[in-house]
Amino acid sequence: MLMSGVAAVLALVAAVAFALAATLWQRASMDAGVEPGDTSGFVGLLTNGVWLLGLAAQGVGVALQAAALDRGRVAIIQPLLVTSVVWALPLGYLITHQIITRRHIAGASIIVAGLAIFATLGDPAGGIDNAPTSDWIAALAVIAVMCIALLLVAGRGGLETKAAVFGAVAGTLYGLSATLMKPVVETWHAEGVGDLLAGWQLWVMAGAGLAGFYFQQVSLASGKLVTSVATVSVVNPVVSVLLGALVLQERLDKNPEWHAVAAIAALAGALLGAVVIASASEPERRSDHVQLAVA
């Protein structure tokens, strides 16, 4: 059985919304002169019209992502969000005057091809809607250690390094939030709003999402849109898929066995494409809207 077409479409449209949100946020940061780590500058963005428009786009993306996860497994839906880096290329070109290079185009092509194969052959087998609290506590501890380790090296290197490191922290937290979104939605359906509000998972999901949101703003303030979006887009599904496999016991169907092998290889190729984009050196932004570099 192929993955639900509705869930796939919802995930892909969510990726467009996330890319638009990131681009608008970066545009607002650039116009306001906000630098990475400038907390007061970030607070000032809360009343910026362009930034608020990006927030609305992010909200639409989260709603679509939740709807997709309600219809499909984490291990299948989350990787499709990698396409946000593909959408960020034209949006960055039009809105924040980013330069698109041949390496960006090559990486985007690899992502599209890899995800097309993954979406066709990947089919979740098994999996649970929730897990024991002890399993979640262990996962949360690992996530916390990962984020602390990344933040310890965040101050080193140039703007591209800052964009990548803070983007990785944001992607890790978004991955945790997305994985928790699955049991949160299931609890809402099965037990109602009262039990949902009384449980811990909704609040941890919201906290992780908000923390990821803040670190994404810091990453975007570096001015390196493609590096920031690509890093978030790679780390988010990697963390989600790992948590889906280890905590929610999700697996790819092995009937026939080569389907699972080909799907994993295709996903690895798509993630490699995002890494290619993230590692591409970003030249200075265009001074107008018509220049397109192919260097």
Qualifying positions in the stretch 54-78 - at pLDDT below 85, of a type outside the set (A, V, I, L, M, F, W, C), assigned to a helix (DSSP H, G or I) and out of contact with any Gly (no Cβ under 8 Å at 6 or more places or on another chain): 70, 71
Out of 41, 33, sole residue that is without any contact (Cβ under 8 Å) to a residue 24 or more places away in the chain and either small (Gly, Ala, Ser) or under 28 Å from residue 118 (Cβ atoms) (or both): 33
Selection count, the stretch 139-188, where residues are surrounded by 18 or more Cβ atoms within 10 Å (Cβ to Cβ) and touching a Gly at 6+ places or on another chain (Cβ under 7 Å): 6
Every residue from the stretch 42-53 that is part of a helix (DSSP H, G or I) and of a type in the set (S, T, N, Q): 47
Top-ranked residue in the stretch 10-51 [being modelled with pLDDT of 80 or more and loosely packed, with under 15 Cβ neighbours inside 10 Å; ranked as farthest from residue 230 (Cα to Cα)]: 47
Subset of the stretch 105-119 [under 17 Å from residue 229 (Cβ atoms) and modelled with pLDDT under 80]: 115
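Matching residues to (1) under 21 Å from the mean Cα position of the chain (by Cα); (2) assigned to a helix (DSSP H, G or I):
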| site | (1), (2) |
| --- | --- |
| 134 | no, yes |
| 148 | yes, yes |
| 154 | yes, no |
| 166 | yes, yes |
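The values are calculated or read from the model by the stated rules, or taken from the named source; none is laboratory data. Everything quoted here is computed from the prediction, not taken from an experiment. We place every Cβ from the backbone using ideal geometry, glycine too, and count neighbours over all the protein chains shown.
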